[in-house]
Amino acid sequence: MNARLDSFSYDDDIVRKFLWATMIWGLVGMLFGLIVALQLTMPELNFAPYWTFGRLRPLHTNAVIFAFAGNAFFCGAYYSTQRLLKTRMWSDGLSKVHFWGWQAIIVAAAITLPLGFTQSKEYAELEWPIDIAIAVVWVAFAVNYFVTLTKRRERHIYVAIWFYIASIITVALLHIFNNLSVPAGAFKSYSIYAGVQDAFMQWWYGHNAVAFFLTTPFLGLMYYFMPKAADRPVFSYKLSILHFWSLVFLYIWAGPHHLHYTALPDWASTLGMLFSVMLWMPSWGGMVNGLLTLRGAWHKVTEDPILKFFVVAVTAYGMSTFEGPMLSIKSVNALAHYTDWIIAHVHTGALGWNGFLTFGMVYWLAPRLFQTEMFSKKLMEWHFWLATFGILLYVVAIYSAGATQGLMWRAFDETGRLQYPDFVETVMRLMPMYWVRVIGGTLYITGMLIGIYNLYKTWATRPATYEVPVVQAAPLNPVYAADHAPATGGFWTRFTDMGWHRRWEGMPLFFSVMTAVAVIVASLFEIIPTFLIKSNVPTLASVKPYTPLELAGRNIYQREGCFNCHSQMIRPLMYETERYGDYSKPGESVYEHPFLWGSRRIGPDLARLGGKYPDLWHVRHMYRPREVVQQSIMPAYPHLQTKVIDFVAIQKSVDAMAMIGVPYGDAVNKAPEMARAQAAQVAASVEAAGGPAGLADKEIVALTAYLQRLGRDLKNATAGTGAQPATAPPAKAAVPAAPGGSH
C-alpha cells in the first residue's frame with residue numbers, strides 16, 4: 001500500500017456557475033416556449049420581423065437543449081467527475097473558458113436567431129461562426145476532461161463517467177460533420193450536402209443530438225446523483241455495462257427513421273427502424289437499473305421531494321424510450337409524422353426526463369455547494385407538483401392534438417374524396433388543445449420560478465466565505481494485481497463475469513477509443529452507401545438549379561423560419577398525393593443546400609405549390625394572411641413589401657453554391673442582373689393583376705419567385721431520365737377506412 005497521501009481541493013466554484021446558468025437559461029428558454037405556444041393560439045402576438053413564430057421557435061429549442069440541458073450536464077459532470085476520480089479538474093482556466101465560452105455562444109444564438117440568421121437544420125440552426133465557436137469551446141472542455149482522467153487517483157472509472165465520455169466524443173463528431181458548409185457571408189452559409197444526403201446527415205445528427213446530448217449525459221447524471229440521493233448503490237453493475245454499450249452502438253443507427261416514406265432510400269429508413277426497435281430493450285434496462293436502485297428506500301420517496309423528481313424523471317425516460325421505437329415503426333410513423341404527436345413525445349423527454357432530473361440534481365447540490373440548509377422543503381414540494389401537473393396537461397393535450405391531426409388528414413368520405421380538404425379545418429380543431437398546452441406550460445414555468453426563488457433564498461444564507469475542504473487521497477498506483485490476474489474458466493464464464501470490462505475501466509484512453517469505434521463504425525455503415533452509391537440518389541434531367549432571384553427568395557424563406565411550419569415532402573401515401581399532388585422524388589432536391597423537407601405541418605405542404613396561385617395571391621397572403629384565409633394562424637410579413645433585396649448578396653450566394661457543385665453557368669458572372677430582370681417580371685405580373693406597384697426591388701417578389709418555382713421542375717420531367725424512384729408510387733386500389741386528411 002502506498003502510504004503517501006496527496007492533498008487537494010475540488011473546484012466547486014465552476015459547478016456553482018453552471019448551476020445558476022442552468023436555472024436562468026432554463027427559465028428563459030421555457031418562457032420563449034410559452035410565447036410560441038401563445039402565438040399558435042393568438043397569431044396577433046407575432047410581431048414581424050423579429051418576433052414571429054418562425055424565428056422564435058428555434059430560439060426556444062436551442063435555449064432548452066443547449067442552454068438549459070447543456071449547462072445542467074456540465075454542472076453535474078464537473079461536480080461528479082472530480083469526486084469520482086478524486087482529483088481537481090486539470091485546468092481551472094479551461095473550466096472558465098468552457099463556462100464563459102458556452103454562455104457567449106448562448107447569447108450569440110439569442111441574438112442571431114431572431115435576426116433570421118439560420119442554417120434551417122433542426123437543432124443545428126446556428127450559423128457557421130457560432131458553429132466554429134461551439135467546436136472550439138467543446139475542444140477546451142474535452143481536453144480538460146480527458147487530461148483530468150489521466151490525473152485521476154481512482155483506478156477504475158465509474159459508470160457515470162462512461163456516459164460522459166460517450167457524450168463528449170459523439171457530440172463532437174455529430175457537430176462537425178453535420179455543419180460542414182461553405183460561407184456566403186458573415187452569417188450565411190450553404191451545407192455541402194444536398195437533398196437526400198443532407199436529410200440523412202441532418203437526422204443522423206438530429207436524432208443523435210437527442211441521444212448524446214439529452215440522453216447519455218443525463219444517464220451519467222442519473223447513475224451518480226440518484227444513488228447519492230437515495231443513499232443506495234446502483235442496482236446492477238452488469239446491467240450498467242449492457243445498458244451503456246448497447247446504447248452507444250445501437251443509437252447511432254436510428255436517425256433515418258425520421259425520414260420514413262420520404263425520398264430517402266427505403267433501405268436506410270428501414271434500417272433506422274430496426275435499430276430503433278432494438279433500442280427499446282437497453283433503454284428500459286437503464287430505466288430498471290435506475291428505479292431498482294431505490295429498492296429498500298421507497299419509503300424515502302414519499303418524504304423527499306428530490307427523490308420524487310428523480311422517480312418521475314426516470315419514469316419519463318422509460319415512457320419516451322418506449323414511444324420512440326414505437327414511432328419508428330412505419331405504420332405508426334405514417335400517422336404521427338408531421339403532427340403534434342412528435343411535439344408531445346419530445347416534451348415528455350425534455351420536460352419530464354431532462355427537466356425533472358435537472359431539478360432533482362440541483363436541489364441535491366444546492367445545500368452542498370452553498371454550504372447551508374435548503375431554504376424550504378415545502379417550496380420544493382410545490383415545484384414538484386406544479387411541474388408534474390403541468391407536464392400532464394401539456395402532453396395529454398398535445399398527444400390528442402397529434403392524433404386528431406393524423407386522423408383528419410387521412411380521412412376520406414363515402415365517395416372516396418378527402419373529408420377535410422381544407423388544411424385550416426384541422427388547425428381550428430386543435431385550438432382548445434393548444435390552450436390546454438398553454439395552461440400546462442404556465443404551471444411548469446411557475447414551478448420553475450418557485451424553484452429559482454428557493455435557490456436564491458438558500459444562496460442568500462450562504463457563509464461570507466465558502467469553506468474549501470482539503471481532500472486527501474493516495475496517488476494512483478500504476479499496477480494493480482487484480483487487474484492483471486490470469487483469467488480462469490471457459491470463454492463464456494470469463495465473458496459474463498465482466499472482468500474484461502473491469503480492466504477496460506482502468507484504461508480510460510482505451511475505453512474512449514472503443515467508444516469512438518462503436519459510434520464511427522455504426523455511422524459508416526449507413527453513410528457510405530448513401531454518399532457513394534449514386535443509384536441511391538437518382539437524378540432527373542428536368543431539375544435545374546434555382547435562378548438567382550429564386551435562390552434569394554429561398555434565403556428569405558429560411559430567414560423567416562417558414563420551414564418550421566411547412567414541409568416540402570409529399571409521401572407516397574394516398575391521402576397525401578390526393579391532397580398535394582405527385583409524391584416527391586429523390587432527384588428533385590439534388591440542388592437543395594440545405595434540404596427543406598420539414599418535420600412538422602402547422603401549415604400545408606408546399607412541395608407542389610408552384611403555379612397553384614397567381615403572383616398577387618402570394619403577395620397578399622404574406623402581407624395579411626387572414627384576409628386571404630380567414631382562419632389562418634400564419635404570421636403576417638408586411639416588412640417584405642418594404643425591405644429592399646440585397647442584390648450584392650445574391651452574387652455571393654450563387655458563388656457559394658457553385659463552389660459546392662451547383663451548375664450555375666452564366667449566373668456566376670451576372671447573378672444580380674439576372675435577379676433584377678426576373679424581379680421586374682414578377683412585379684409587373686403583380687401590378688397587372690391589380691396589386692401594389694413598385695415591388696421590383698422588394699423582398700416579396702424574390703419570395704414569390706421561389707414559391708412559384710416549387711414543384712415546377714417535376715412537371716417537365718420525361719420518362720427515362722434516370723433510375724427509378726427509391727419509394728414506390730402510392731397504391732390507389734383501396735380507400736383507407738381510417739378517418740383523416742385536410743389541405
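Among the residues of the range 9-49, the one identified as among the aromatic types (Phe, Trp, Tyr) and farther than 28 Å from THR358 by Cβ is PHE47. Looking at the structure I just gave you, is MET222 crowded, with 20+ Cβ neighbours inside 10 Å, within 23 Å of the chain's Cα centre (by Cα) and modelled with pLDDT of 95 or more? Taking the combined requirement at face value, the residue satisfies it.
Residues are listed down the side, and each one gets a yes or a no for (1) among the acidic types (Asp, Glu); (2) over 23 Å from the mean Cα position of the chain (by Cα):
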{"site": "VAL277", "(1), (2)": "no, no"}
{"site": "PRO282", "(1), (2)": "no, no"}
{"site": "VAL301", "(1), (2)": "no, yes"}
{"site": "ASP304", "(1), (2)": "yes, yes"}
{"site": "LYS330", "(1), (2)": "no, no"}
{"site": "ALA334", "(1), (2)": "no, no"}
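Would you confirm whether any residue within the range 363-386 is more than 29 Å from the chain's Cα centre (by Cα), on the phi > 0 side of the Ramachandran plot and assigned to a loop (DSSP other than H, G, I, E, B)? Checked the range 363-386: at least one residue is more than 29 Å from the chain's Cα centre (by Cα), on the phi > 0 side of the Ramachandran plot and assigned to a loop (DSSP other than H, G, I, E, B). Only residues that are at pLDDT 85 or above, in contact with a helix residue (DSSP H, G or I) (Cβ under 8 Å, 6 or more places away or on another chain) and outside any helix (DSSP H, G or I) were counted in the range 472-512, giving 1.
Within the range 15-50, work out how many residues are over 22 Å from GLN630 (Cα atoms) and more than 21 Å from the chain's Cα centre (by Cα). Lay out the reasoning, then the answer.
Residues of the range 15-50 over 22 Å from GLN630 (Cα atoms): 15-35, 50.
From what's left, more than 21 Å from the chain's Cα centre (by Cα): 15-20, 50.
Of the residues in that region, 7 qualify.
How many residues does the range 639-675 contain that are in a helix (DSSP H, G or I), of a type outside the set (A, V, I, L, M) and under 27 Å from SER181 (Cα atoms)? Number satisfying all stated conditions: 9. Put simply, of PHE356, PHE384, PHE389 the only residue that is touching a Pro at 6+ places or on another chain (Cβ under 6 Å), aromatic (Phe, Trp, Tyr) and at pLDDT 95 or above is PHE384.
State yes or no: is ARG571 within 20 Å of the chain's Cα centre (by Cα), touching a residue at least 12 places away in the same chain (Cβ under 8 Å), at negative phi and in the same structural domain as TYR706 (by TED's automatic domain parsing)? Taking the combined requirement at face value, the residue does not satisfy it. Within the range 597-637, the only residue that satisfies the criterion of being crowded, with 20+ Cβ neighbours inside 10 Å, among the β-branched types (Val, Ile, Thr) and out of contact with any Ser or Thr (no Cβ under 9 Å at 6 or more places or on another chain) is ILE602.
Each row is one residue, and each column tells you yes or no for (1) free of Cβ contacts under 8 Å to residues at least 12 places away in the same chain; (2) buried (at least 21 other Cβ atoms within 10 Å of the Cβ); (3) farther than 30 Å from LEU149 by Cα; (4) over 23 Å from the mean Cα position of the chain (by Cα).
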site: MET507; (1), (2), (3), (4): yes, no, no, yes
site: ILE528; (1), (2), (3), (4): yes, no, yes, yes
site: VAL537; (1), (2), (3), (4): no, yes, yes, yes
site: ALA552; (1), (2), (3), (4): no, yes, yes, yes
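Confirm whether TYR237 is out of contact with any Pro (no Cβ under 6 Å at 6 or more places or on another chain), at pLDDT below 95 and either assigned by TED's automatic domain parsing to the domain that holds TRP280 or not hydrophobic (A, V, I, L, M, F, W, C) (or both). In short, yes.
Listed by first and then second residue, the pairs with beta-carbon distance under 7 Å, at least 6 apart or on different chains, first residue in the range 602-620 and at positive phi, second crowded, with 20+ Cβ neighbours inside 10 Å and at pLDDT 95 or above, are GLY611/GLN708.
Of the residues making up the range 12-65, those that are farther than 30 Å from ALA77 by Cα and not in a helix (DSSP H, G or I) are MET42, ASN46, PHE47, ALA48, PRO49, TYR50, TRP51, THR52.
The values are calculated or read from the model by the stated rules, or taken from the named source; none is laboratory data. Keep in mind that what you see is a predicted model, and the values were worked out from it rather than measured. All Cβ positions, even for glycine, are placed from backbone atoms using ideal geometry, and neighbour counts span all protein chains on display.
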